Amino acid sequence: MIKHTLRSRVVRALGLSMVPLLALTLSSCGSGGDQPASADGLTKVRVANSGMLPASADLAWAIEGGFFEKNGLDVTLNPPQLSASDLAGTVINGDADVALVNGTAVPSARQVGRPLTIVATTQAPFPLQIAFTPETDKTLREQGLSETSSVADLLAALKGMTLGTNASGSSITATYRYLLAQYGIDPERDNITLHPMPDVASQVAALSHNRVDGLASSLGGAATGAVAQGAGVVWDLTKMKGTDALQAVPYTNAVTSDATIKDHPKMIQSFLDALHAAQQSLLAGLSVEDAASLKKLVGSAMDQKTYDDTIAGMQSLFPKSFSTSGASWDATCKVAEVNTGESLKIPAADAVNNSFVEEVK
């Protein structure tokens, strides 16, 4: 039976209600300082996150299913942000203890002496998608393209199009540019306009009103929101031919500071234990009541089939081990280089700590 006490408390505190376009957040940000205990003796943890999208189903269930509480943690979520650099920045600035974010911000931070570390890879590989307007989808299919085509052919067909995407610093935008570069395509040179937008709602609205030809997105993000609103047709790039370059790129990492690792190792271990347990619970299957409650949090605007398909896709990203491989770190650095425009030669030993995931039960 799902516990509603935590959700009810934070929703009242924020004055929030269930909203469409998957934009619900479960909590406000906490204050800075050390790890204080809550009134019931739980360790408080502030988590930087991208909001209550289907991609956050494991995080939402870790809270709602009581997994954090069982591991001695009182977790609150900072206001959602879509930029990986902004999310990482909250950890650097001491406004969050852990960020669930694509790790591309870590090599960039390390390059300038900011002590950020990846302590887990919680979702992989990167599920890149594009949601096209029905008109654009029809045009592409008339050219003989489909979801079974080569991704190189699809990317070549994007020339002259405008694609909505997240703001600069976003891992989605960087990963999309990284994939284009693998096929010798430069957006500026080849007339592909990447139009940054601040949130999922504005991206879906732009697609609905044909202000863009498509949305460069990821599973559970703006592309899924477009389908939920009947505004777009999704092409899953990871299922197309020739996307080996995406397979090593992680989707979500748990990132924290070196100081937190030193001062609060038990908190990090408990956080990862709880998140892993929540993923295993989702894989095992929820009761009808709990599944319906989770949908209200991360997919309230979605029809049941779209939601079920999206959650199934997310579950396929839950790794057997949270360990971050050397290949994954190398791919993370290459994607990060897209944002920085400079070579990032940061050794994995300086930025990845797998000691906690080795103890995850």
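The values are calculated or read from the model by the stated rules, or taken from the named source; none is laboratory data. Remember, predicted model here, so these are calculated numbers, not experimental data. Positions of Cβ are generated from backbone atoms using ideal geometry, with glycine treated the same way; all protein chains shown enter the neighbour counts. Remember, those area values only see protein heavy atoms, side chains included, never the ligands or the DNA or RNA. Shrake-Rupley method; radii C 1.70, N 1.55, O 1.52, S 1.80 Å.
Packing, taken as the mean count of other beta carbons within 10 Å per residue, orders the peptides 100-108, 162-170, 40-48 from highest to lowest as 100-108, 162-170, 40-48. Between K138 and T193, the simple spin-label model (points 7 angstrom out along Cα→Cβ) gives 2.2 nm. Highest average first, the peptides 118-124, 320-326 ordered by how many other beta carbon atoms sit within 10 Å of their residues are 118-124, 320-326. Counting 0.36 nm for each residue step from S208 to V360 and taking away their Cα separation leaves a gain of 50.4 nm.
Packing order of peptides 305-314, 55-64, highest average first: 55-64, 305-314 (average count of other Cβ atoms within 10 Å over each peptide's residues).
In debye to the nearest 20, how big a dipole does the range 116-187 give about its Cα centre with +1 on each Lys and Arg Cβ and -1 on each Asp and Glu Cβ?
Here the size comes out at about 140 debye.
For the chain, the per residue solvent-accessible surface stands at 40 Å², with DNA, RNA and ligands left out and a 1.4 Å probe.
For the range 254-350, the equivalent ellipsoid derived from the alpha-carbon gyration tensor has semi-axes of 32, 20, 12 Å in decreasing order.
If you place +1 on the Cβ of every Lys and Arg and -1 on the Cβ of every Asp and Glu, how big does the dipole about the Cα centre of the range 276-361 come out, in debye to the nearest 20?
It comes to approximately 100 debye.
Rounded to the nearest 500, the helix-only mean residue ellipticity at 222 nm of the chain stands at -12000 deg cm²/dmol, with each DSSP H run of n ≥ 4 adding -39,500 (n - 2.57). With the dipole of the range 117-169 worked out from charges on the C-beta (+1 for Lys and Arg, -1 for Asp and Glu) around the Cα centre, which of G169, A156, L145 lies farthest toward the positive end? Farthest towards the positive end: G169.
Once the Cα-Cα distance is subtracted from the 0.36 nm per residue extended length, the S146 to S168 segment shows a gain of 5.0 nm. Rounded to the nearest 0.05, the FRET efficiency derived from the C-beta distance between D330 and E289 at R0 = 35 Å is 0.20. Put a plus charge on the Cβ of each Lys and Arg, a minus charge on the Cβ of each Asp and Glu, and nothing anywhere else: the dipole of the chain about its Cα centre is then about 300 debye. Computing Rg and the Kirkwood Rh from the Cα coordinates of the chain gives a ratio, Rg/Rh, of 0.95. Straight-line cross-link reach from K266 at under 30 Å between alpha-carbon atoms covers these lysines, not counting any fewer than eight positions away in the same chain: K3, K44, K70, K320, K361.
Using 0.36 nm per residue and subtracting the Cα-Cα separation, the extra length available between K239 and A156 on full extension is 28.2 nm. Suppose we look only past 12 Å in the calculated P(r) of the range 169-223. What percent of the Cα-Cα pairs does that tail hold? For the range 169-223, the fraction of Cα-Cα distances above 12 Å is 68 percent. Of T76, G103, V91, which is farthest on the positive side of the dipole of the chain, counting Cα position, with +1 on Lys and Arg Cβ, -1 on Asp and Glu Cβ, and the Cα centre as origin? Comparing the listed Cα positions along the dipole, T76 ranks first. Of the accessible area of the chain, computed with a 1.4 Å probe over protein heavy atoms only, carbon and sulfur atoms account for 51 percent.
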